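**Q** Provided herewith is a single structure, encoded as structure tokens, for subsequent inquiry.
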Amino acid sequence: MPNILIVEDESRIASFIQKGLRSQGFTTTVVTDGQNVLDVVASGTFDLLILDLGLPSKDGFQVLQELRGQGEDLPVIILSARSDINDKVAGLEGGADDYVTKPFRFEELLARVRLRLRGHRTVRDATHLTLRSGNLVLDLRTRQVKISDRLIELPAREFAMVEMFCRHPGQVISREQLLDHVWGYDYNPGSNIVDVYVGYLRKKLGSKLIETVRGMGYRLRI
Ligand code: CA
């Protein structure tokens with residue numbers, strides 16, 4: 001039975017989410033203040049966190065930053081009335097797995113909760129896996145990347161992107177597929193975040209590793 005932590009100071013919204021999730025068989029806990037979230041996460045066994053941004057004492061961004069700073073990899077879905085693309089990018093860059101804008105339909109939130117729970121489990125089950133492509137080796141357990149035996153540190157999203165390429169070597173992967181896999185969000189198609197991240201990877205892993213396929217996407221050279 002997945003256990004969901006809901007951090008939301010508006011009781012009407014908190015109880016709406018709680019009721020909906022419980023009717024789907026989830027266990028839920030509600031926290032109404034940003035201040036206590038870290039302690040609650042540490043004391044429980046949660047499978048996912050739904051996090052509001054505007055909270056008393058400590059806002060959601062700060063909570064997220066502290067969680068990730070402690071190495072906590074609990075999946076986080078931000079639920080916020082802030083629909084500005086900069087807030088979304090900041091949330092996702094800050095380590096959130098998804099971002100849902102208020103007002104929202106419960107079905108949408110539920111679909112994203114299910115997706116994130118599944119994604120998380122896949123990663124956890126894949127603990128013994130190593131992916132290789134040419135000189136590139138990804139250890140999915142330690143989340144380490146080596147290229148020609150040189151260890152490269154990659155932040156989570158860059159790692160997820162390399163992982164996507166390594167799982168499909170030589171295949172063209174579209175920007176939409178990368179957005180979906182790495183950010184899991186129905187992003188503004190005009191966003192150039194994928195291109196920006198490919199740029200980061202080329203800098204760290206070598207300029208020739210990822211090839212641009214004009215009008216289609218990117219491909220890992222094999
Ligand atoms: Ca709020």
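**Q** For the chain, with only Lys/Arg (+1) and Asp/Glu (-1) charged at the beta-carbon, what is the dipole magnitude about the Cα centre, in debye rounded to 20?
**A** Value, rounded to 20: 980 debye.
**Q** Rounded to the nearest 5, what % of the DSSP beta bridges within the chain are antiparallel ones?
**A** In the chain, DSSP labels about 50 percent of beta bridges as antiparallel.
**Q** Compute the length gained on full extension between SER57 and ILE152: take 0.36 nm times their separation in residues and subtract their Cα-Cα distance, giving the result in nm to one decimal.
**A** Length difference between fully extended and current span is 30.4 nm.
**Q** Take THR130 and GLU10, extend 7 Å from each Cα along the Cα→Cβ direction, and tell me the distance between the two endpoints in nm.
**A** Reported label-point gap for THR130 and GLU10 is 5.0 nm.
**Q** Something else about it: Can you spot the lysines whose alpha carbon is less than 23 Å from LYS102's alpha carbon? Ignore those fewer than 8 places along the same chain.
**A** Cross-link targets: LYS19, LYS58, LYS88.
**Q** When only alpha-carbon atoms count, how far does the stretch 128-220 stretch along each of its three principal axes, as whole angstroms with the largest first?
**A** Ordered largest first, the stretch 128-220 gives principal extents of 36, 24, 21 Å.
**Q** Distance between Cα centroids, the stretch 43-61 to the stretch 134-179: provide it in whole Å.
**A** So the separation of the two Cα centres works out to 29 Å.
**Q** Would you list the membrane-span-like helices of the chain, meaning whole DSSP H runs whose alpha-carbon atoms span at least 15 Å along their axis and whose mean Kyte-Doolittle value is at least 1.6?
**A** Membrane-span-like by this criterion, though nothing is claimed about a membrane: none.
**Q** Report the equivalent ellipsoid semi-axes for the chain in whole Å, largest first, defined as the square roots of five times the eigenvalues of the gyration tensor built from alpha carbon atoms.
**A** For the chain, the semi-axes come out at 33, 18, 16 Å.
**Q** To continue, here is another question. Extension gain THR101-THR27, at 0.36 nm per residue separation less the Cα-Cα distance, in nm?
**A** 24.4 nm
**Q** Classify the stretch 1-116 as rounded, prolate or oblate from the Cα gyration tensor: take a ≥ b ≥ c as the square roots of its eigenvalues, call it rounded if a/c is under 1.5, otherwise prolate when a/b beats b/c and oblate if not.
**A** rounded
Laboratory data are not the source of any read-out in this text; all were calculated from the coordinates shown. All values reported here derive from a predicted model rather than from experimental measurement. Methodologically, a virtual Cβ is constructed for each residue, glycine included, from the backbone with ideal geometry; neighbour enumeration extends over all protein chains shown.
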